[in-house]
Each structure stands twice: as structure tokens, then as C-alpha cells.
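Participant: This is the structure I have questions about; it appears just below.
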Amino acid sequence: MNDAPGRIEDYGLIGDCESAALVGRGGSIDWLCWPRFDSDACFAALLGTPDHGRWLLAPSDRRARSSRCYRDDTLILETRFETESGSVLLIDFMPPRCGPASHLMRLLVGERGTVAMHLELILRFGYGATTPWVTRVDNKTWSAVAGPDMAVLHTDAAVHGENMRSVADFTVRAGEQWAFSLTYANSSSDPHSLRIPDVPTALADTERFWTEWISKARTTGRWQAQVKRSLITLRALIHRKTGGIIAAPTTSLPEHISGTRNWDYRYCWLRDATLTLLALMNAGYYDEARAWRDWLLRAIAGSPNEMQIMYGVAGERRLAEWEIPWLPGYEQSKPVRVGNAAHAQLQIDVFGEVMDASHQARASGFPPQAATWNLQRTLLEHLEDIWEQPDYGIWEVRGPPQHFTYSKIMAWVAFDRAVKDAERYGLEGPIERWRAVRQRIHEQVCERGYNARLQSFVQSYGSEQLDASLLLIAELGFLPPEDPRVPATVRAIESSLLRDGLVRRYHTTETDDGLPPGEGAFLACSFWLADAYTMCGRIDEAEALFERLLRLGNDLGLLAEEYDPVAGRLVGNFPQGFSHLSLINTAFNLAHRDKPAEQRSAG
């Protein structure tokens, strides 16, 4: 029953702000990394089969109908099952963590008649490789141990072992509640000593947490419901202790079904720094924005030539990439990867991201850290030596390095923000030298990164390929939106990279990125096009595209990294923070006076 993983859009997200799980429409939790976002998965059916780990709680009747929603503005997922004999509500949630243990909780509420239910718990630590030893602790509690990992199940249901699985069959009647909790702890812990919260009490506490958090949001206008859902999703991806924001809670969901563009996104990218700050600050979440700024400064601290494009949630640097041979991949999309080799790439654009994020933080009145400006000056000294080198670009190509136009523009951003901060805040530095480097980069980009025949900036020097990152030229302040080269570049990207009205990053068939061609439309880039429309005064088109993008989310308002317009489905890791923060910023661009695009371009 319900053995195959669902479509990506069939999943809902729950989490405790340190880890996250994906719940399918049919009541199966098919993905959970414990105890941290980037820990090994103990439920990996999403990338394989039920034997790789899942927790199914569903009606025994295969014909049961289901519907679902989040409880108001929370991360509490409610799935209603209806059968001929009755209906039952399944409530899934993870209480925000306040101690070392993490809890995954499920509550069944009988609403009408009777419903025969089936439970199947398959714990497989190590991404589905390790079967734990299960022991009965008492008549309501079982522990599952393997190496350093332990999960403890607590329930009134009569659970028993069957074919290396824990199963139970029972009937829920109207008015009854059946509670289930699964708790993660280190295997050296005594299961008797674990403090397992009462499920209904934990549910009330969880609802209070999310309700109070979202009540702080500064959102108005016709899209505030979608903005709130994106803010909640973004908050779920922020690690409570470190402030690091992961790109997505999954690995290896393919950008093209059956393809090889399958990456581990459970890490924190510098690429997202400024847009994340603006999304959080404009929505009123200055504490989270400061925590992200502080995480960023801790992560990059050290020698500038060792700065990476991504880090672990606590700033870890060793993110070695390896493949899991025993997992067949989502819909047979191989390989399944853990770690990300791109962490060691040279990407010049991240220097501009760090400088821009620090600039926006100062402009918003964040209290400065004593060593911040000295660190920035050191980064600029290194950037002055390397900005003319080829790099691997914002899209982390696995082919040869190139002189990517966007990378050079972001080098310009780095020196531009340094000059402005030094002048505005009286900070010491070689301002005239920075000003000269800024001018030299600008002249070079306009000469070598612009193709007069195409009347457009291009992906890399000497190339005739387009790149969606060039939609950000005006937003970054490199050129004003009224400069004729800006709307001309937007038109060229529309002509070259639009597919069914959505934006591809670049042509994978024509750019040597070291990988087989094929991927969906990149949703963040499509939001960038709406932003570019706004800056060019094409407001009606911006709103129409934004409305179209909102409809691409699933029934819960969640977005993946990409959308396949031919297959009509979401693809890529899910839910994707970059897509959601882009949604937030585009909504603010369209509905608010303080537009993130104008904030960024004004410097």
C-alpha cells in the first residue's frame, strides 16, 4: 500500500527548526534527516523504496480519499482521510526543539464513524543502509538502536514486529484520539530517562510558537497569504542555534526526471545572502536577519583565499561529495549524492554577496561587529588580485572555468559597496584605489560582456549565450533601469531563455557546464524576470508573471527549485528556500514602497 514515492508536489513539510521531514498525501513520512538538516536520513523512501525507511499511518482501505492543509499560519500539517465507514484527521508536526532530543509527533482524531488504520514504521539509519535493533521498553514504548543513533516510539497502539518492520492495525472511532511520538536521541541515552512531551500539549505549544512568530510579519496586500507561507517555510530552514539557512532539506531530487543533475542542498549558500537579508528585514524579522549576518561572518572568518561558496549549518567547511550506491534515486534518477563538490570552487560572485550583505546590514542599523570591516578589507585585497581570473560562476558549472559576466558584475558590486560604506560611515580604507578598480571592472564588463549584435549582455566574455543572472543588472545598480542596454537584455533573455513563459538559467545544450543537458525552468530566475519587469516599468507583465508563478506551488503553497513545463510538475530539491525568498522579495517589489530591488540598486 502506498509504496511508490509521490510526485514532489505531493509532499508537505514539517520541522523543528533543526531538522525537517516530508509527509506524503497518503500519510507516509518518506524523508527525515536526524538530528540535523544534514544528518544521515533515517527515512529515505523518497530516494528509494519503503525498505529504505518510512513511517506510514493511513487507512487500511486503499480507496480512502485524502485532503490536506496547514493549520492556519503554522507548520502543523493536517490530512483528512475519508472512507465509506468514516473520516479521521491526521495531524503531523515537530515541536520546535528546546533541548537535545527531537520529536516527530502524529495525532489521529476520529471525526465520523469508524476508520480502520494501518501503521508501518521502517527505521533505517544511514540513508536506508542500517536496520536498527528494536527493543520493547514498556507496554507503550519501543527503542530502535544502531551505532550512535536511537529512536524511541511511544504510542497506545499495539505495535508488533513483522518482517523487520514495526506494524499495527487498529480502529479509530469518532471522538477518539490516538497519539504517536517518535523521539531521536543519542544511543548512549537511557530511553527511560527521555522526557517525551504529551502529544496534545506539544501540539498546542507548537501552534503557539508558529502563531506568535508569524504575527510579527509586516505583510499587506493581496499576496500576504503566500508571503506568510513562504516566510514560515524560510523559518523552517533556519537552524535555531546557528542562524544558518539551508537551501533545502533534501538531497538529489532531480532537476530533470531520470537525469544526473541531482545535488545535495542541505547546506548554506553565500549566494543567497543579500536576498535573504532583504526578505527577512522587509518582513520585520530583524532577529533572524541579524542571526544570518552573524552566521555569515563566522563562516567566512579566516584567510580570504579559503572562502567557500557554501558551508554546513554551523559553518563546517568539509562537504566532500560522495554517491550512495544502494539508493536507486527519486524515480530512478541517479546518482544520489551526499555532500557537494562545488564547495571548493572559485566563484567570484560570492565576494560581492558578502560585501552587499554587510552593506545592507549597515544601512538597516545592525550593530557593527568590531572585526567586520577589517575582514571586508582583507576580502577586497584578495579580490583585487583574482577578479580577472575565470571562475565557475553562480551556477557552479562542472565544466571548465570561464569569464562569467555575472561574476565580474558582482566583483564590481564588492568594490562599489566598499566605496559607499567607507564614505557613508567614515570607515578607513584606500577609497580612491577601490574606486579605480570599480571603474576598471565596469568598463571591462561593458566592453567584453556586452554583445552589440545581440544587443544584450551575455553569459561570459566572447560568448553569444544568454544567462538569467543578467536580469539582476539593474537591481544590483550596475546600470540604471533606463539605460537602453538593460531593457534590451531583458528582451533578449525573453527571446532566448523563456520556455512556456518561464525562465531557464541558460541553455544546457549550448553551455559547457560539464553535465548532460536537461533541466526545468528555474523558479527564482522567473521571479527575477518579474522584478526586472517592475524596474523597467512593465508592471502589468510583472504582476501576471508573479500570479503565474504562485500557481506553480503545490496545494500547500510550497515551491521546489524548478518546474518542468512539459511534464507539468515540480522538479529539484524541495521545498527550496531560494524560490521562497524570491517570492517574498518580488511580492514586496510589487506591493510596497520599500522595494528590495530598489533598496539594493540604490546602495
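The values are calculated or read from the model by the stated rules, or taken from the named source; none is laboratory data. Source: prediction; values computed, not measured. Counting neighbours? That spans all protein chains shown, and the Cβs are built from the backbone with ideal geometry, glycine included. Side chains are part of the model used for accessible areas, which takes the heavy atoms of the whole protein and leaves out ligands, DNA and RNA. Shrake-Rupley method; radii C 1.70, N 1.55, O 1.52, S 1.80 Å.
Participant: Pick from segment 325-340 the residues that are among the hydrophobic types (A, V, I, L, M, F, W, C) and part of a loop (DSSP other than H, G, I, E, B): which of them is surrounded by the fewest Cβ atoms within 10 Å (Cβ to Cβ)?
Facilitator: Step one: list which residues in segment 325-340 are among the hydrophobic types (A, V, I, L, M, F, W, C), which gives 326-327, 336, 338.
Going one step further and asking which of them are part of a loop (DSSP other than H, G, I, E, B), we end up with 326-327, 336.
Values: TRP326: 12, LEU327: 24, VAL336: 25.
This residue is TRP326.
Participant: Quick one: count up the residues across segment 359-369 that are within 23 Å of ASN305 (Cβ to Cβ) and open to solvent by 10 Å² or more (accessible area, probe 1.4 Å). Spell out how you get there, then give the answer.
Facilitator: Residues of segment 359-369 that are within 23 Å of ASN305 (Cβ to Cβ), as a first pass: 359, 369.
This time we only want the ones that are open to solvent by 10 Å² or more (accessible area, probe 1.4 Å), so: 369.
Matching residues across segment 359-369 total 1.
Participant: Still on this model: Taking GLU207 as meeting all but one of (1) outside any loop (DSSP other than H, G, I, E, B); (2) touching a Gly at 6+ places or on another chain (Cβ under 8 Å), write down the number of the exception.
Facilitator: (2)
Participant: Search segment 521-535 for residues that are more than 21 Å from GLY572 (Cβ to Cβ) and pair each with any residue that is part of a helix (DSSP H, G or I) when their beta-carbon atoms are under 6 Å apart and the residues are at least 6 apart or on different chains.
Facilitator: Within 6 Å, the pairs are ALA532/LEU471; ALA532/VAL490; TYR533/GLU541; TYR533/ALA542; THR534/ALA542; THR534/ASN589; MET535/ALA597.
Participant: Open to solvent by less than 10 Å² (accessible area, probe 1.4 Å) and either modelled with pLDDT of 95 or more or touching a strand residue (DSSP E or B) at 6+ places or on another chain (Cβ under 9 Å) (or both): is that true of MET164 in this structure? Reasoning before the result, please.
Facilitator: Values: open to solvent by less than 10 Å² (accessible area, probe 1.4 Å): no; either modelled with pLDDT of 95 or more or touching a strand residue (DSSP E or B) at 6+ places or on another chain (Cβ under 9 Å) (or both): yes.
No; evaluated as a whole, the condition is false for this residue.
Participant: Any idea which residue in segment 186-215 is nearest to PRO95 (Cα to Cα), counting only those that are modelled with pLDDT of 95 or more and touching a helix residue (DSSP H, G or I) at 6+ places or on another chain (Cβ under 9 Å)?
Facilitator: For segment 186-215, the residue satisfying everything is TRP210.
Participant: Still on this model: Could you identify the single residue in LEU46, LEU32, LEU57, LEU75 that is touching a residue at least 60 places away in the same chain (Cβ under 8 Å), touching a Pro at 6+ places or on another chain (Cβ under 7 Å) and of a type in the set (A, V, I, L, M)? Spell out how you get there, then give the answer.
Facilitator: Working: LEU32 fails: touching a Pro at 6+ places or on another chain (Cβ under 7 Å); LEU57 fails: touching a Pro at 6+ places or on another chain (Cβ under 7 Å); LEU75 fails: touching a Pro at 6+ places or on another chain (Cβ under 7 Å).
Among LEU46, LEU32, LEU57, LEU75, only LEU46 is touching a residue at least 60 places away in the same chain (Cβ under 8 Å), touching a Pro at 6+ places or on another chain (Cβ under 7 Å) and of a type in the set (A, V, I, L, M).
Participant: Separate question: Just need a number here: residues in segment 240-269 that are closer than 18 Å to ASP16 by Cβ, of a type in the set (Ser, Thr, Tyr) and surrounded by fewer than 24 Cβ atoms within 10 Å (Cβ to Cβ).
Facilitator: Matching residues across segment 240-269 total 1.
Participant: For segment 371-391, state whether one or more residues are closer than 27 Å to ASP467 by Cβ, under 25 Å from the mean Cα position of the chain (by Cα), surrounded by 17 or more Cβ atoms within 10 Å (Cβ to Cβ) and not polar (S, T, N, Q).
Facilitator: yes
Participant: Sort out which residues of segment 432-465 are among the aliphatic types (A, V, I, L, M) and open to solvent by 10 Å² or more (accessible area, probe 1.4 Å), and write them in order of number. Quick ask: steps written out before the conclusion?
Facilitator: In the first step, residues of segment 432-465 are kept if they are among the aliphatic types (A, V, I, L, M); the result is 436-437, 441, 445, 452, 454, 458.
If the condition is that a residue be among the aliphatic types (A, V, I, L, M) and open to solvent by 10 Å² or more (accessible area, probe 1.4 Å), then ALA436, ALA452, LEU454 are the ones that fit.
Participant: Hey, another quick one. Tell me the residue from PHE180, PHE170 that is surrounded by 17 or more Cβ atoms within 10 Å (Cβ to Cβ), of a type in the set (Phe, Trp, Tyr) and under 29 Å from the mean Cα position of the chain (by Cα), please. Even if it seems obvious, please write down each step before you answer.
Facilitator: On the way: PHE170 fails: under 29 Å from the mean Cα position of the chain (by Cα).
From the options PHE180, PHE170, the qualifying one is PHE180.
Participant: What is the number of the single condition among (1) in contact (Cβ under 8 Å) with a residue 24 or more places away in the chain; (2) open to solvent by less than 10 Å² (accessible area, probe 1.4 Å); (3) of a type in the set (Gly, Ala, Ser) that ALA144 does not meet?
Facilitator: (1)
Participant: Further question: How many residues are closer than 20 Å to GLU18 by Cβ, in contact (Cβ under 8 Å) with a residue 60 or more places away in the chain and exposed (fewer than 14 other Cβ atoms within 10 Å of the Cβ) when one looks only at segment 212-239?
Facilitator: The total comes to 0.
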